[in-house]
Structure formats: structure tokens, C-alpha cells
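The values are calculated or read from the model by the stated rules, or taken from the named source; none is laboratory data. It should be emphasised that the depicted structure is a prediction, and the values quoted were computed from it without experimental measurement. We place every Cβ from the backbone using ideal geometry, glycine too, and count neighbours over all the protein chains shown.
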């Protein structure tokens, strides 16, 4: 499995297996942030330093960087009388956000281990559990 990771994700493999003091850092030229992976720097620049379209809420003073943030905000904070409520068929849980009901069902009732360790193939229910496990394969563990 490690050979697969080494060939399929060489930058990640190299980063994980280097001593922290030896790691190349990708530094932002507009602020003090630095990143282990170039993709992290690119995402940071897109999120924090590019002129971006913003999505203001028409009902309050909140502004969002992504349209999904505005949509979620409206579903939670600006519901109307006819806004749908999504109810779980197996328990009393309900939500105004369909994605929250889906996440609840998978977490509580489905219990499918969807997160897979790319080092050993062991499966986990959620991403934080997987990250904690991956540290056991690295110098951080």
C-alpha cells in the first residue's frame, strides 16, 4: 500500500515522511502564511487574496465567500413558515438543512466506514478519526 501511495500521491508521501524541519514551505507573498503543499498555498490565495465575488444576504448584513454558505445561512436563519423541515425516519432528529439530515443518517444510523487509510486500508467512520490514525504511520505519531 505504501508503494501505491508513493506513486499516486508523491508530494503528500514526501511531506508526511519528512522531518518537519526539513520540509519545503510554500510562503504566501502577501501575508506571513506558509504551507507544506503548493495546493494549500493556491487555495489560501484564492480564498484570502484574490478579488472575489461575494454573496451578501439580502435579509441581514452577512456576506459569504461561496454561494453554498449563503444558502445554508438562509436555510438556518431566515426560514419562512413554508420552509421544509427534513425529518429522520428512524429517530426524532429533524433539520432545516437537507445535507444535515443526510450527515445525521450516515453518522448515526448507517455507520458506514467511508474514510480509508491510504497506508494500510483500514476504514474509519469520519475524517478526524482517519487523520488521527494516519499520524500513527508518520513521524507525528
Failed item in (1) touching a strand residue (DSSP E or B) at 6+ places or on another chain (Cβ under 8 Å); (2) touching a residue at least 60 places away in the same chain (Cβ under 8 Å), with residue 64 passing the rest
(2)
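Looking at 60, 28 in this structure, which one is at pLDDT 80 or above and not assigned by TED's automatic domain parsing to the domain that holds residue 97?
Numbers: 60 fails: not assigned by TED's automatic domain parsing to the domain that holds residue 97.
So the residue among 60, 28 that is at pLDDT 80 or above and not assigned by TED's automatic domain parsing to the domain that holds residue 97 is 28.
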Out of all the residues in segment 95-122, which are over 30 Å from residue 78 (Cα atoms) and more than 18 Å from the chain's Cα centre (by Cα)?
110, 111, 112, 119, 120, 121, 122
Filter pass, residue 135 being within 30 Å of residue 48 (Cα to Cα), modelled with pLDDT under 90 and touching a helix residue (DSSP H, G or I) at 6+ places or on another chain (Cβ under 8 Å)
no
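Among the residues of segment 115-130, write down those that are closer than 25 Å to residue 103 by Cα and surrounded by 12 or more Cβ atoms within 10 Å (Cβ to Cβ). If you could, list the steps in order and put the result at the bottom.
Our first condition is that a residue be closer than 25 Å to residue 103 by Cα; within segment 115-130, this holds for 115-118, 121-130.
Scanning segment 115-130 gives 115, 116, 117, 118, 122, 123, 124, 125, 126, 129, 130.
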Quick count over segment 83-109, residues being outside any helix (DSSP H, G or I) and either assigned by TED's automatic domain parsing to the domain that holds residue 125 or in contact (Cβ under 8 Å) with a residue 12 or more places away in the chain (or both), is 10
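If I filter segment 110-123 down to residues being more than 23 Å from residue 91 (Cβ to Cβ) and either in a helix (DSSP H, G or I) or in contact with a strand residue (DSSP E or B) (Cβ under 8 Å, 6 or more places away or on another chain) (or both), which single residue comes out as modelled with the lowest pLDDT? Show your work before the answer.
Taking segment 110-123 as the starting set, the residues that turn out to be more than 23 Å from residue 91 (Cβ to Cβ) are 115-123.
Those left that are additionally either in a helix (DSSP H, G or I) or in contact with a strand residue (DSSP E or B) (Cβ under 8 Å, 6 or more places away or on another chain) (or both): 115-117, 122-123.
On the way: 115: 89, 116: 92, 117: 92, 122: 94, 123: 92.
Once the filter is applied, the top-ranked residue is 115.
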